[in-house]
Amino acid sequence: MSRTKLAPLYGALGLLAGSFALGDEAQESASHPYHGSSQSPEPQPPAAPTHNDEETTSEAAHVPPDPPQHPMGGMPYQEMAAMMQMDDTARTEKMLFDQLEWRNTAEGNAAVWDEEGWYGGDYNKVWLRSEGERVGGTAQNARADLLWDHTFARWWSVQAGGRQDFGRGPLRTWAAIGVQGIAPYWFDTEATFYVGEQGRTAVRLKSEYELLFTQRLILQAEGEANLYGKADPARQLGSGLSDLEIGLRLRYEVRREFAPYVGVVWSRAFGGTADRVRES
């Protein structure tokens, strides 16, 4: 075969190879439209997921919430801020007979009460307390306190007011100041100092602790002590530690407002008070 016949064949092969090269480059350029350009490609949004026209199980089980019962219209910012303020100025009240019981004592059957109530807000309240016992239809060692209560720390408040003793012996009136609150390990604590007529002084200490066996069955331990600065023979009281009382009560709260209980109480008089009680 002569050279002149081979030349067109080589040329055709070259054109064919060139066309393949151009085709590959064009294909590459088509797949990379920004190839050789200084501009960076803009981010493309993700493709939307395909939605199946059939409802899924979770969509079928979904129940939209009920509309609000009281739709709230638009309001100025000041009104909204005032509405969202903490409501700590509300006045509330409470009356509680913590103890209302019958005791079998050495002096005979006794009816004993210990009640308290208050009215006021979160920081300032008026407290009324009363406790005592009746033996043979006569009040013994009874008293009532009227106190102003002010919260000064978490779980603690200061109290000031007056106390009136009645029952056995002449009436006695006292000015009172003290604190009450929850001590560490959840001991409910009261400590009150009294000043009376003719230079009389007294201190009353009381503490309670509750042990919950269940949410309704509760064991309550209580201790109370009374001390006097000077003797008061008319009311059979000696100076120093006058009396101490310790009690255990097991209650069952049928409702939070009503709880029958049983218990045992140990009480003892000391010093001059014990001497005057024996003489009487």
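The values are calculated or read from the model by the stated rules, or taken from the named source; none is laboratory data. In this text the structure is predicted, and so the values were computed from the model without any measurement. We place every Cβ from the backbone using ideal geometry, glycine too, and count neighbours over all the protein chains shown.
Tabulated results
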{"quantity": "Some residue of region 187-209 being touching a strand residue (DSSP E or B) at 6+ places or on another chain (Cβ under 8 Å), at pLDDT below 95, more than 30 Å from TRP148 (Cβ to Cβ) and not aromatic (Phe, Trp, Tyr)", "calculated": "no"}
{"quantity": "All positions within region 122-138 that are over 23 Å from the mean Cα position of the chain (by Cα) and either on the phi > 0 side of the Ramachandran plot or surrounded by 14 or more Cβ atoms within 10 Å (Cβ to Cβ) (or both)", "calculated": "LEU128, ARG129, SER130, GLU131, GLY132, GLU133, ARG134, VAL135, GLY136, GLY137"}
{"quantity": "In region 86-121, residue farthest from TRP266 (Cα to Cα) [restricted to those that are within 25 Å of the chain's Cα centre (by Cα) and among the aliphatic types (A, V, I, L, M)]", "calculated": "MET86"}
{"quantity": "Tally of residues being of a type in the set (Gly, Ala, Ser) and in contact with a helix residue (DSSP H, G or I) (Cβ under 6 Å, 6 or more places away or on another chain) across region 168-214", "calculated": "1"}
{"quantity": "In region 220-270, the residues that are buried (at least 17 other Cβ atoms within 10 Å of the Cβ) and at positive phi", "calculated": "GLN236"}
{"quantity": "Residue count, region 112-129 (criterion: touching a Lys or Arg at 6+ places or on another chain (Cβ under 7 Å) and either of a type in the set (Ser, Thr, Tyr) or in contact (Cβ under 8 Å) with a residue 24 or more places away in the chain (or both))", "calculated": "5"}
